[in-house]
Amino acid sequence: MNPQVDPEHYFNTDYDSKERFCSYWQQIYEISQFKSESVLEIGIGNGFVSRYLKTRSINITTLDIDRRLNPDITASAMNIPFRDDSFQTVACYELLEHIPYKDTAKVLSEICRVAKEHIILSVPDVNRYYRIYIHIPKTKGFKKLVPVPGIRKPKHRFDGHHYWEIGKAGYSLKKIVNDLEKQDLQIERTYRVYEMPYHRFFILRKNK
């Protein structure tokens, strides 16, 4: 595996949109919920999430294949240089789609090997949706993404970055769920970020 993009890709105003910051918040929130003694983040991106978590005294180690991004460890997700059960939580955000789907099972196997308890993933989801928001005074209101049924799935074409995305032909949500469960993982929750529906999260527990 080699880096796909120049580091400058992660450091510009087009990349760091308001919607993406909502996804950053979700990433930070999910990691924080577990109160883990050790966290591994695979795929550092611009480093925003890990830097924030470190200021909150969370013991997080970053791993990326591109040393120019200054991760703690430079290595491939296909061969993670840690012992089994090294981290209570492993997070891998918007990385798996950069790997040919036939190789994702190997990456997931490595993630499961080094994770002791929880795994948090996010991957692109292009399924169509209706966005519903109802404002209710003195409450948080009601927000929901409602899938649009009966839409023909477009064929995915490699764009230089993504080999696959949920919602493209051959990559249904059901298929992704089944392949995660083959890794002996329990899916506790899966959802799309309301403000950034392109990002679907999977909150997973490693079966003992």
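Derivation of every value follows stated rules applied to the coordinates shown; laboratory data play no part. The model shown is predicted, which means the values in this text are computed figures rather than measured ones. Because the Cβ atoms are built from the backbone with ideal geometry, glycine has one as well, and the counts that use them run over all protein chains shown.
Tabulated data
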{"item": "Condition broken by GLU181, with the remaining ones in (1) in contact (Cβ under 8 Å) with a residue 60 or more places away in the chain; (2) under 22 Å from GLU30 (Cβ atoms) satisfied", "result": "(1)"}
{"item": "Residues that are out of contact with any Asp or Glu (no Cβ under 7 Å at 6 or more places or on another chain), touching a residue at least 60 places away in the same chain (Cβ under 8 Å) and part of a loop (DSSP other than H, G, I, E, B), drawn from region 105-163", "result": "GLY160, HIS161"}
{"item": "Single residue of region 1-37 satisfying the filter (of a type in the set (S, T, N, Q), touching a residue at least 60 places away in the same chain (Cβ under 8 Å) and surrounded by fewer than 17 Cβ atoms within 10 Å (Cβ to Cβ)) that is nearest to VAL193 (Cα to Cα)", "result": "GLN4"}
{"item": "Residue in region 109-123 that is farthest from ASP64 (Cα to Cα), counting only those that are buried (at least 22 other Cβ atoms within 10 Å of the Cβ) and not small (Gly, Ala, Ser)", "result": "HIS118"}
{"item": "Given (1) of a type outside the set (Lys, Arg); (2) within 24 Å of GLN88 (Cβ to Cβ); (3) more than 22 Å from the chain's Cα centre (by Cα), index of the condition HIS135 fails", "result": "(2)"}
